[in-house]
Amino acid sequence: MTDPRIRPFEDRDWPAVRAIIDHVVESGTSYTYDSGLSDAAYRALWIGAAPGGTVVAEDMDGTILGTAKLSRNQHGPGSHIANASFMVAPEARGRGVGRQLGEHIVAWAAAAGFRAMQFNAVVSDNHSAVALWTSLGFAVIGTVPEGFRHRDGRFADLLIMHRRL
C-alpha cells in the first residue's frame with residue numbers, strides 16, 4: 001500500500017467521514033459519543049475550526065481511509081495545549097493510517113504553536129490506540145477509573161495521555 005495522502009477536510013468528504021464516525025460510534029469501544037445523534041450534531045462534533053481543523057487520509061483513488069481533528073484542549077489560559085481525535089475506516093485498520101494521521105496532527109499542532117498535546121479519554125482496553133500513542137511519545141498522566149462503559153456493561157478506565165511538542 002502506498003501511504004495515504006492527508007489533506008484538509010472538504011464538504012464533499014462528509015458522507016465518507018460520517019460513515020466512519022457511525023461505524024466507530026456504533027462499535028461502542030473507543031468513543032464517548034452518543035450514538036444516534038443527528039447529522040448536524042456529529043458534524044459539529046467533528047469538523048473543527050482554526051487554529052485546528054479536520055483532515056482526511058485518502059488512498060490514490062480518493063477513498064477516505066480515516067479522519068482526524070485538531071483543536072484546543074481548553075480555552076483561555078489552557079489554550080496552548082492541543083487536543084485531537086482520530087477515526088480510521090474499518091477496512092483500513094492495520095495499514096498504518098492511524099499512525100500517519102497521528103504523525104501529521106502532532107506536526108501540525110507543533111507548527112501551530114501549541115506547547116503540548118493531550119488526549120482526555122483513551123479507553124484503556126483499546127490496546128492499539130494506547131500502543132500507537134505511546135510509540136509517538138505520549139505518556140499516561142492520569143486515569144479515570146471505570147470512566148468508560150462498554151455496551152456489554154463492562155467498564156474500562158479512561159487514560160489521559162500527554163506529550164510535549
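Readers should treat all values here as calculations from the given coordinates under stated rules, not as data from a laboratory. Just so you know, these numbers come straight off a predicted model, no measurement behind them. Note that each Cβ is placed from the backbone with ideal geometry, even for glycine, and that neighbours are counted across all protein chains shown.
Summary of computed values
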{"item": "Among 114, 19, 71 - extreme Cα towards positive end, dipole of the chain, charges at beta-carbon", "result": "114"}
{"item": "Assigned charges on the beta-carbon of Lys, Arg, Asp, Glu; the chain dipole about Cα centre (debye)", "result": "540"}
{"item": "Contour excess over end-to-end distance, with Cα ends at residue 144 and residue 79 and 0.36 nm allotted per residue", "result": "21.2 nm"}
{"item": "Residue-count net charge about residue 140 - beta-carbon cut-off 13 Å; Lys, Arg +1, Asp, Glu -1", "result": "0"}
{"item": "Relative contact order %, the range 5-115, counting alpha carbon pairs below 8 Å whose residues are six or more apart", "result": "24"}
{"item": "Options 165, 96, 35, ranked by Cα towards positive dipole end of the chain, top entry (Cβ charges)", "result": "165"}
{"item": "Estimated FRET transfer efficiency (residue 103, residue 154; beta-carbon r; R0 45 Å; 0.05)", "result": "0.90"}
{"item": "Modelled label reach - residue 45, point 7 Å along Cα→Cβ, the range 69-99 residues with backbone N closer than 13 Å", "result": "85-87"}
{"item": "Label of the coordinate-derived value, P(r) over Cα pairs in 10 Å bins from 0, in percent, listed as [x] 10, 39, 35, 12, 4, 1, 0; [y] 10, 32, 25, 18, 11, 4, 1; [z] 10, 39, 41, 10, 0", "result": "[z]"}
{"item": "For the chain, the longest site-free run once trypsin sites (Lys or Arg not before Pro) in DSSP loop states with at most 16 other Cβ atoms within 10 Å are removed", "result": "1-92"}
{"item": "Rounded to 5, percent antiparallel among DSSP beta bridges of the range 1-80", "result": "100"}
{"item": "Mean Cβ neighbour count within 10 Å, used as a protection proxy, ranking 77-89, 27-39, 127-139 highest first", "result": "77-89, 127-139, 27-39"}
